[in-house]
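Remarks on the structure that follows.
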Amino acid sequence: MSMRESLLSATEYKDQLYKQLSRIGKSLSSDKRLELLSLLTHGPKTVEKLAELSGMAIANVSRHLQVLNDSKLVKFTKKGTYAYYSLSDDSVADFLNSLWKISENHLSDINQIKRDFLENIDDVNVLTLEELYEKLEKDNITLLDLRTEEEFNYRHIEGAISVPEDRLDVYLQKLPKDNEIIVYCRGKFCAASAMAAQKLKENGFTAFSMEDSVYEWINI
């Protein structure tokens with residue numbers, strides 16, 4: 001066969017490229033796989049930890065991770081008997097952020113879901129990252145990171161204190177009542193910050209929730 005005969009036609013070339021591109025699309029066709037990718041933007045995690053945070057069975061998490069691994073969106077390393085999964089690189093997090101923006105701009109259901117949720121939480125003010133920066137210039141601000149300690153240690157907003165969501169009640173007694181308290185968690189898909197802000201206000205604090213996450217802080 002000559003070199004000319006072995007070359008792909010223009011149609012074959014295009015078809016093969018789109019076929020490869022569709023591998024990514026197919027791997028993202030599950031809401032649960034998108035959730036796992038979102039969790040991994042906050043640092044490497046074991047299958048067991050992903051199951052705990054997502055509420056999925058370990059077997060289901062493993063199957064979803066295999067699909068994501070086959071499409072090269074995640075990778076894993078072995079530490080002893082545990083496999084730690086992470087995003088293949090930061091471009092995956094960038095893609096997820098772009099997907100969110102497109103969805104928020106074109107799917108009215110997303111904004112309606114957010115409005116319905118916040119209407120059931122009494123008098124909680126949601127800050128943008130820009131508003132956070134303005135407040136951090138003051139001395140009487142306490143910024144709380146509600147994610148796990150592992151996620152906090154991986155990356156966190158400068159000046160934040162690690163107070164995992166399930167330990168907030170313990171920390172209530174230690175927080176200064178004369179400070180404004182700002183709480184954040186894993187971003188737009190995480191309800192913990194709004195619920196924590198409500199609890200803080202019920203306990204006499206001036207509290208705010210922040211919808212943005214560490215990703216936005218790094219990329220602003």
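The values are calculated or read from the model by the stated rules, or taken from the named source; none is laboratory data. Note that this is a predicted model, so its numbers are computed, not measured. So basically every Cβ, Gly included, is an ideal-geometry build from the backbone, and we count neighbours across all protein chains shown. Remember, those area values only see protein heavy atoms, side chains included, never the ligands or the DNA or RNA. Shrake-Rupley method; radii C 1.70, N 1.55, O 1.52, S 1.80 Å.
Here are the numbers:
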| read-out | value |
| --- | --- |
| Total residues in the range 110-163, condition touching an Asp or Glu at 6+ places or on another chain (Cβ under 9 Å), assigned to a loop (DSSP other than H, G, I, E, B), over 16 Å from Gln198 (Cβ atoms) and not charged (D, E, K, R) | 6 |
| Considering residues of the range 133-154 that are modelled with pLDDT of 95 or more and open to solvent by 30 Å² or more (accessible area, probe 1.4 Å) only, the residue farthest from Asp90 (Cα to Cα) | Glu149 |
| Selection count, the range 118-127, where residues are over 17 Å from Phe205 (Cα atoms) and either at pLDDT 85 or above or open to solvent by 100 Å² or more (accessible area, probe 1.4 Å) (or both) | 2 |
| Every residue from the range 164-220 that is in a strand (DSSP E or B), open to solvent by 20 Å² or more (accessible area, probe 1.4 Å) and out of contact with any Asp or Glu (no Cβ under 6 Å at 6 or more places or on another chain) | Glu180, Phe208 |
| When residues of the range 89-110 are limited to those that are within 15 Å of the chain's Cα centre (by Cα) and small (Gly, Ala, Ser), the one least open to solvent (accessible area, probe 1.4 Å) | Ala93 |
| Residue among Ser27, Ser22 that is out of contact with any strand residue (DSSP E or B) (no Cβ under 8 Å at 6 or more places or on another chain), in contact (Cβ under 8 Å) with a residue 40 or more places away in the chain and hydroxyl-bearing (Ser, Thr, Tyr) | Ser27 |
